[in-house]
């Protein structure tokens, strides 16, 4: 954001006369000689001095918008456009927002010696209205009608049945995977982010990895979650670099200053970042996610810019096993082609196997047939995306507290699991770490928040 000059004020050093010049376009010519009667009569030709304090400025901002993937014409790449904002429109949109902008399309002359004689101009949009289509969860308004509908739906069934119905509403066209859908519902709600007295943050966002055979519908689940989440970003491992995930240093075309251009993880702040083909990423690019998954920040030290950007995002990753398909003769950690430092940052890891089962295969075939015939899920007992999105927004506002009894139970199971794994391994170490205990706490908090229990109620 920069100040934009709308009224220039000049003062004559000979007679003290002030001259006001309105600035109606991007280019203007400052006056050279004083136009007062005194200077003309005495032929003093006083020097004009620009007065910053007496001039009028308005807030000015330049945005770059990109076409959404669902609006693309087949075979085309997303187009970018420059938008100029002034006054109250400044900072009405943040990186990652889906917006609808109304304005006036104007030509913009290219600057520089090489473009002095060009007849082709760039175009920009002078906006006069901005409407955010996809907002953050905190910006979603919970109306009385929606609250009444939620209360009515909860009164019809038990808490477990209502929870199962919410989970079935996630990608209802996909057959089965009930436990995975319940986990994805917990991911969207998340736990509680806490900050200690010494400014140490404990993340509340939940990270989930889906590792399984091809054809399990992992990519479809990621696409659906990015659609439901107001700040959902979908990307692939091979199509994303470390700079594309974090931030890139670019030169501002307006001020010629170095600035940061947000990547996918920063754009998905307070939302979900879905990364498909997670195992196909380069090792260098994959290390950029380590800090985001635990510290929830992106540290940048490039081109003289040293800063830390917020990336309070939940990571939903999908990957294939090391051997293409899951090898049951090997251990899960040998099948997963990911380093231990990265695996430990996931709260849940699902291993999905495509095993032949006659009864299940028949039901799956019928489900797929009905979806292709009717273009919708056979089960109509599901909530739409708007209801699910609003319900998650309401659930995220609650702050449950963990009781001592529950924490003691979680501690006991955590210690028993570490001992069990240490006894089974020859090296005597356990794959269960402290992050596992923190993940269990976050999952418990998200489970209670889904039930919309009073915020002061203990878990």
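Taking residue 72 as the residue in question, decide whether it is modelled with pLDDT of 80 or more and either surrounded by 12 or more Cβ atoms within 10 Å (Cβ to Cβ) or outside the structural domain of residue 268 (by TED's automatic domain parsing) (or both). Walk me through how you get there before you give the answer.
Numbers: modelled with pLDDT of 80 or more: no; either surrounded by 12 or more Cβ atoms within 10 Å (Cβ to Cβ) or outside the structural domain of residue 268 (by TED's automatic domain parsing) (or both): yes.
Spelling it out, it is not the case that residue 72 is modelled with pLDDT of 80 or more and either surrounded by 12 or more Cβ atoms within 10 Å (Cβ to Cβ) or outside the structural domain of residue 268 (by TED's automatic domain parsing) (or both).
Say whether the condition of being closer than 30 Å to residue 125 by Cβ and either outside any strand (DSSP E or B) or assigned by TED's automatic domain parsing to the domain that holds residue 90 (or both) is met by at least one residue in segment 29-36. Show your work before the answer.
Within segment 29-36, the subset closer than 30 Å to residue 125 by Cβ is 29-30.
Filter once more, keeping what is either outside any strand (DSSP E or B) or assigned by TED's automatic domain parsing to the domain that holds residue 90 (or both): 29-30.
For segment 29-36, residues closer than 30 Å to residue 125 by Cβ and either outside any strand (DSSP E or B) or assigned by TED's automatic domain parsing to the domain that holds residue 90 (or both): present.
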*segment 254-277, subset in contact with a strand residue (DSSP E or B) (Cβ under 7 Å, 6 or more places away or on another chain), modelled with pLDDT of 75 or more and part of a loop (DSSP other than H, G, I, E, B), residue surrounded by the most Cβ atoms within 10 Å (Cβ to Cβ)*: 268
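Check 211, 206 and return the single one that is part of a loop (DSSP other than H, G, I, E, B), in contact with a strand residue (DSSP E or B) (Cβ under 6 Å, 6 or more places away or on another chain) and modelled with pLDDT of 80 or more. Lay out the reasoning, then the answer.
Numbers: 211 fails: part of a loop (DSSP other than H, G, I, E, B).
Checking each option against the conditions leaves just 206.
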_Lone unmet requirement of (1) in contact with a helix residue (DSSP H, G or I) (Cβ under 6 Å, 6 or more places away or on another chain); (2) crowded, with 21+ Cβ neighbours inside 10 Å; (3) at pLDDT 80 or above for residue 182_ = (2)
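How about segment 208-233: which of its residues are within 22 Å of residue 336 (Cα to Cα) and within 14 Å of the chain's Cα centre (by Cα)? Break it down into steps so the answer makes sense when it comes.
In the first step, residues of segment 208-233 are kept if they are within 22 Å of residue 336 (Cα to Cα); the result is 208-222.
Within segment 208-233, just 222 meets the criteria.
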*Would you be able to say whether some residue in segment 52-61 is within 23 Å of residue 133 (Cα to Cα) and in contact with a strand residue (DSSP E or B) (Cβ under 7 Å, 6 or more places away or on another chain)?*
yes
*If a residue has to be surrounded by fewer than 16 Cβ atoms within 10 Å (Cβ to Cβ) and either closer than 21 Å to residue 408 by Cα or at pLDDT 70 or above (or both) to count, how many in segment 444-454 make the cut?*
1
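The values are calculated or read from the model by the stated rules, or taken from the named source; none is laboratory data. Bear in mind that the values here come from a model prediction, so they are computed numbers and not experimental data. So basically every Cβ, Gly included, is an ideal-geometry build from the backbone, and we count neighbours across all protein chains shown.
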